[in-house]
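Report on the structure given below.
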Amino acid sequence: MATLDELTLRRDRLLERLESLQRRVTHGDRTVEYDLTQARSVLDLLEREMARVDNRRIVRHLRVQSDKDL
């Protein structure tokens, strides 16, 4: 099992990579769009594991978006 310090180091490295990633890259007439949801889900998993190791409660936020007026 990883310690809290190791998990924090992994999270910091992942955050650095996420900050350097680009969602859309254009070269000439070609454009590629990357899906970053997998990296974000790994970050969420690391946060949950850190909370479990540290015996603290996870705070969850629910964000709702809609095109229609609610």
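The values are calculated or read from the model by the stated rules, or taken from the named source; none is laboratory data. Quantities reported herein were computed from a predicted structural model and do not represent experimental measurements. Reconstructed Cβ throughout: ideal geometry from the backbone, glycine too, with neighbour counts over all protein chains shown.
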>> Can you pull out every residue in the range 14-53 that is closer than 18 Å to Ala2 by Cβ and at pLDDT below 80?
In response: none
>> Let me spell it out: the conditions are (1) touching a strand residue (DSSP E or B) at 6+ places or on another chain (Cβ under 8 Å); (2) modelled with pLDDT of 85 or more, and Leu7 meets all of them except one. Which number is the exception?
In response: (1)
> How about the range 18-40: which of its residues are surrounded by 10 or more Cβ atoms within 10 Å (Cβ to Cβ) and either in contact (Cβ under 8 Å) with a residue 60 or more places away in the chain or in a helix (DSSP H, G or I) (or both)?
Replying inline: Leu18, Ala39, Arg40
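Going through the range 1-17 one residue at a time, which ones are assigned to a loop (DSSP other than H, G, I, E, B), of a type outside the set (S, T, N, Q) and out of contact with any Asp or Glu (no Cβ under 8 Å at 6 or more places or on another chain)?
Kept after step one, since they are assigned to a loop (DSSP other than H, G, I, E, B), are these residues of the range 1-17: 1-3.
So of that shortlist, the ones also of a type outside the set (S, T, N, Q) come out as 1-2.
Hit for the range 1-17 is Met1, nothing else.
In this structure, is Ala51 of a type in the set (A, V, I, L, M, F, W, C), part of a helix (DSSP H, G or I) and without any contact (Cβ under 8 Å) to a residue 12 or more places away in the chain?
So Ala51 fits the description; yes.
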> Among the residues of the range 55-68, which ones are at pLDDT below 80, at negative phi and not basic (Lys, Arg)?
Replying inline: Ile58, Val59
